[in-house]
Structures are given as structure tokens and as C-alpha cells.
Amino acid sequence: MNDATELLLSLLVLAGAIFTFIGSFGLARLDDFYTRLHGPTKATTLGVGSLLIASATYFSVTGDSLSLHEVLVALFLFITAPVSAHLLAKAALHQRLTSLAPLPENAENRPGDALPAAPPSRAEPDTRGEIPNTPGGAHDTSLRERGT
Amino acid sequence: MLNIALLIAFALVTAAFALALWRLLKGPSAPDRILALDTLYINAIALLVLLGIHFGSDLYFEAALLIALMGFVGTVALCKFLLRGDIIE
């Protein structure tokens with residue numbers, strides 16, 4: 001391994017680790033759930049992507065043939081990250097988590113504001129009177145699970 | 001040079017683990033905790049890739065691939081439970 005390859009590998013490893021750290025830092029520091037969702041998806045694509053490119057380069061240089069295992073992991077992560085983020089956003093909307101963004105109709109940003117009423121086909125009846133942003137979501141789903 | 005970069009990267013990924021674990025314990029809502037678990041498995045994949053480079057062994061990729069598969073299935077199952085109250089309907 002010559003110096004240029006080692007420098008490239010070090011830069012890729014450092015970039016990947018820094019982006020992974022920034023993703024978790026955003027998860028810990030941002031203010032509401034919908035902004036928190038933004039951070040770890042960047043950690044997935046940029047951080048783990050850079051690390052996998054570094055790993056593929058390292059094993060291609062040191063090994064005797066081209067190493068393409070990492071492309072498999074990268075491909076799977078790049079396909080599944082938007083799907084899981086979409087499902088998480090859907091679950092948060094179903095739980096009526098409040099957002100920092102103002103509502104479209106009454107453009108006030110009070111923390112007690114609930115989301116506009118969901119369509120009746122999607123909303124379960126026993127989530128109707130629930131105060132948003134309470135940590136008792138598990139209790140609510142256990143009630144609904146008993147109902148179904 | 002690569003060894004120093006790997007050491008710094010290990011420290012950063014460990015700090016990322018600690019921050020995601022803090023969010024997992026703090027909450028405050030159920031989707032926050034699922035998102036923290038999702039971040040934890042992404043960090044585990046990053047740590048396994050770094051360990052693979054550090055030890056020069058490609059056995060770690062099998063583990064990383066398995067964690068990627070199982071972590072995605074777990075996130076989808078937890079989200080389906082929050083959305084529908086049941087996983088397999």
C-alpha cells in the first residue's frame with residue numbers, strides 16, 4: 001500500500017466516522033421528532049457509505065482480488081434507509097407528535113397544538129382525546145392491541 | 001497514518017453510540033426510541049466495518065450484513081406495531 005492510497009483511506013475513514021458522529025449528535029440535540037429524523041439518515045448514507053468505500057478499497061489493495069462484499073451492505077442500507085424513515089414518520093404522525101413547524105391553518109406555534117384531525121378511516125377512536133407528545137404511547141397501543 | 005485515523009474513528013463512533021443510547025433512554029416518545037434503536041444498529045455496522053479494516057479480516061462483513069438485515073426488520077416491525085397495534089395481521 002503506497003502513501004497516496006493510505007492517505008485516501010485515512011480521509012475516507014475520518015469522513016465516515018465524523019458523519020456517523022454528526023448523525024447521532026443531531027439525534028441527541030435536535031428539538032422535535034421530525035427534525036431528529038433528519039440526522040441519522042445522513043449518518044446512514046454519508047457515514048456508513050464512506051466507511052464501506054474505504055473498506056472496499058482497503059481489501060482490494062491488500063487482498064489478491066477485487067473485494068465487492070461491501071457493495072452488498074451499502075446497497076441494502078441505501079434501499080432500506082428511506083423505507084424505515086418513512087415508516088417512522090408515519091408512526092410519529094399516527095401518534096400525533098407535535099412539530100416545531102407552525103400549522104397551515106392557524107399559523108401559531110403553540111406547543112399544545114394538536115395536529116389536524118386525521119381521516120377517520122386511519123384514526124383509531126381511542127387516540128382521539130389523547131394529549132399529544134405524551135410518553136404514554138405504548139400504553140395507548142396496548143389498549144388498541146387488546147381491542148383488535 | 002491509517003492507524004491514527006482508525007483510532008480517531010473508533011472514538012467518534014463510540015461517542016455516537018453514547019449519544020444514541022442517551023436518546024434511547026430519554027425518549028420522550030415511542031418513535032424517538034425506535035429512531036434511537038435504528039441509529040444504534042447503523043452505528044454497529046459502522047463499528048464492524050472499522051473493526052474489519054483494523055484487524056484485516058473480512059469475517060466482519062458477514063456480521064455487518066446480518067445486522068443490517070435484522071435491524072431493518074426490527075425497525076419495520078416496531079413501526080408496524082405503533083401504526084396498527086399488531087405486527088402480523
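The values are calculated or read from the model by the stated rules, or taken from the named source; none is laboratory data. Predicted model, so just to flag it, every value in this text is computed and none were measured. Here the Cβ is made from the backbone with ideal geometry for all residues, glycine too, and neighbour counts use every protein chain on show.
B:Ile42 satisfies every condition listed in (1) surrounded by 13 or more Cβ atoms within 10 Å (Cβ to Cβ); (2) closer than 23 Å to A:Leu14 by Cα; (3) at pLDDT below 90 except (3).
Number of residues in the range B:7-63 that are assigned to a helix (DSSP H, G or I) and more than 7 Å from chain A (Cβ to nearest Cβ): the value is 23. Of the residues making up the range B:64-73, one or more are surrounded by 15 or more Cβ atoms within 10 Å (Cβ to Cβ), within 14 Å of the chain's Cα centre (by Cα), farther than 26 Å from A:Leu11 by Cα and within 9 Å of chain A (Cβ to nearest Cβ). Taking the range A:57-79 as the range and being more than 10 Å from chain B (Cβ to nearest Cβ), under 23 Å from A:Ile18 (Cβ atoms) and in contact with a helix residue (DSSP H, G or I) (Cβ under 6 Å, 6 or more places away or on another chain) as the test, only A:Val61 passes.
Residue check: B:Ile4 meets all listed conditions (1) under 12 Å from A:Ser55 (Cβ atoms); (2) facing another protein chain (nearest Cβ under 8 Å); (3) surrounded by fewer than 16 Cβ atoms within 10 Å (Cβ to Cβ) but one, namely (1). Residues that are of a type in the set (Asp, Glu) and surrounded by fewer than 17 Cβ atoms within 10 Å (Cβ to Cβ) were ranked within the range A:1-56; the one that is farthest from B:Pro28 (Cα to Cα) is A:Asp3. Do we have any residue at all in the range B:50-71 that's charged (D, E, K, R) and over 17 Å from A:Ser84 (Cα atoms)? Yes, because at least one residue in the range B:50-71 is charged (D, E, K, R) and over 17 Å from A:Ser84 (Cα atoms). So is B:Leu6 closer than 17 Å to A:His38 by Cα, touching a residue at least 24 places away in the same chain (Cβ under 8 Å) and of a type in the set (A, V, I, L, M) or not? No, not satisfied.
Out of A:Ala43, A:Ala89, A:Ala17, one residue alone is more than 7 Å from chain B (Cβ to nearest Cβ) and among the aliphatic types (A, V, I, L, M). It is A:Ala89.
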